[in-house]
Amino acid sequence: MHGMYKSASENVLEMLPINVWETVEEEYSALQKRWGGPQVPIFIFPADGTNSRIKREFNGKSGLAFSDKLFLFFSRHNTRGEIKAVLTHEYNHVCRLKKYKKNESEFTLLDTVILEGIAENAVREHCGSSSLAGWTNYYSDEQLQKIVTQLIIPNQNLKRNERKHRDILYGNRFVPKMAGYCAGYYLVKQYLESNKLKTKSILGVDSMEFVKKYLRPQE
């Protein structure tokens, strides 16, 4: 589901970028120092070239993070910069999960949206704006504000096992594509800029802090 190549008919080593292990090891060490993050095992696999979402939204690369491990999925054509960006995004999840005082099984839609937002802002900060995922430019600020107020806030308490949670996060059915991801990036970027902060300093911040201004009674 998260993008791992399924067939065993090809040599998997030939399906991965030639410098993938060297790049991951080097960047992982740098990120650990930057964020004071935990040491976790990292598993690298080829990405599923038949997964249309992975190809369209993520250029054939993906990742899956847990509090104690990382899975990274790459395609042969992925560059060093892309490898660095995926690792940065996913390892930031590990650091957020460690710092944030909430069990992952209890995460709401808002928690997930902010988790993704912090991670992609970490990519912007560590890798540069040119390494950001394409979905960060899907919508204008005005459109993003509507997504926040009309989709994220009213559904903020949806649990991860509820279908609507995934629909809003990725933009399934009649929801704007990648709505949750885009809203998260926008909310966290606004918070960082308003408070002149870096992502390291917000790893443990409660998700509600990022939407406080949207919860105030309108005058």
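The values are calculated or read from the model by the stated rules, or taken from the named source; none is laboratory data. Worth saying up front: this structure is predicted, and the values here are computed from it rather than measured. Because the Cβ atoms are built from the backbone with ideal geometry, glycine has one as well, and the counts that use them run over all protein chains shown.
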**OP:** Determine, yes or no, whether residue 204 is within 17 Å of residue 93 (Cβ to Cβ), of a type outside the set (Asp, Glu) and surrounded by fewer than 17 Cβ atoms within 10 Å (Cβ to Cβ).
**Re:** yes
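Answer yes or no as to whether residue 209 is at pLDDT below 95 and not assigned by TED's automatic domain parsing to the domain that holds residue 84. So that I can check it myself, show each step before the final result.
Working: at pLDDT below 95: no; not assigned by TED's automatic domain parsing to the domain that holds residue 84: yes.
So residue 209 fails the test.
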**OP:** Would you please name the residue that is nearest to residue 172 (Cα to Cα), looking only at residues in the stretch 41-99 that are part of a loop (DSSP other than H, G, I, E, B) and among the basic types (Lys, Arg)?
**Re:** 61
Subject >> Residue ID - nearest to residue 26 (Cα to Cα), chosen from residues in the stretch 51-81 that are of a type in the set (Phe, Trp, Tyr) and without any contact (Cβ under 8 Å) to a residue 60 or more places away in the chain >> reply: 74
**OP:** Find the residue count for the stretch 13-25, including only residues that are of a type outside the set (Val, Ile, Thr), touching a helix residue (DSSP H, G or I) at 6+ places or on another chain (Cβ under 9 Å) and surrounded by 15 or more Cβ atoms within 10 Å (Cβ to Cβ).
**Re:** 1
**OP:** Would you mention how many residues in the stretch 58-114 are of a type in the set (A, V, I, L, M) and surrounded by fewer than 21 Cβ atoms within 10 Å (Cβ to Cβ)?
**Re:** 2
Subject >> Flag if residue 155 is assigned to a loop (DSSP other than H, G, I, E, B), modelled with pLDDT of 95 or more and in contact with a Lys or Arg (Cβ under 8 Å, 6 or more places away or on another chain) >> reply: yes
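Does the stretch 105-118 contain at least one residue that is within 19 Å of residue 59 (Cβ to Cβ), at pLDDT 95 or above and either not assigned by TED's automatic domain parsing to the domain that holds residue 20 or not basic (Lys, Arg) (or both)?
yes
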Original post:
When both residues are 6+ apart or on different chains and their Cβ atoms are under 6 Å apart, which pairs have a first residue that lies in the stretch 160-176 and is more than 23 Å from residue 106 (Cβ to Cβ), and a second that is among the charged types (D, E, K, R) and assigned to a loop (DSSP other than H, G, I, E, B)?
Top reply: 171/177
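Residues are listed down the side, and each one gets a yes or a no for (1) out of contact with any His (no Cβ under 8 Å at 6 or more places or on another chain); (2) surrounded by 14 or more Cβ atoms within 10 Å (Cβ to Cβ):
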| position | (1), (2) |
| --- | --- |
| 117 | yes, yes |
| 120 | no, yes |
| 123 | no, yes |
| 127 | yes, yes |
| 134 | yes, no |
| 140 | yes, no |
| 151 | yes, yes |
| 160 | yes, yes |
| 163 | yes, no |
Original post:
When you scan the stretch 102-131, how many residues do you find that are in contact with a Phe, Trp or Tyr (Cβ under 7 Å, 6 or more places away or on another chain) and under 19 Å from residue 154 (Cβ atoms)?
Top reply: 3
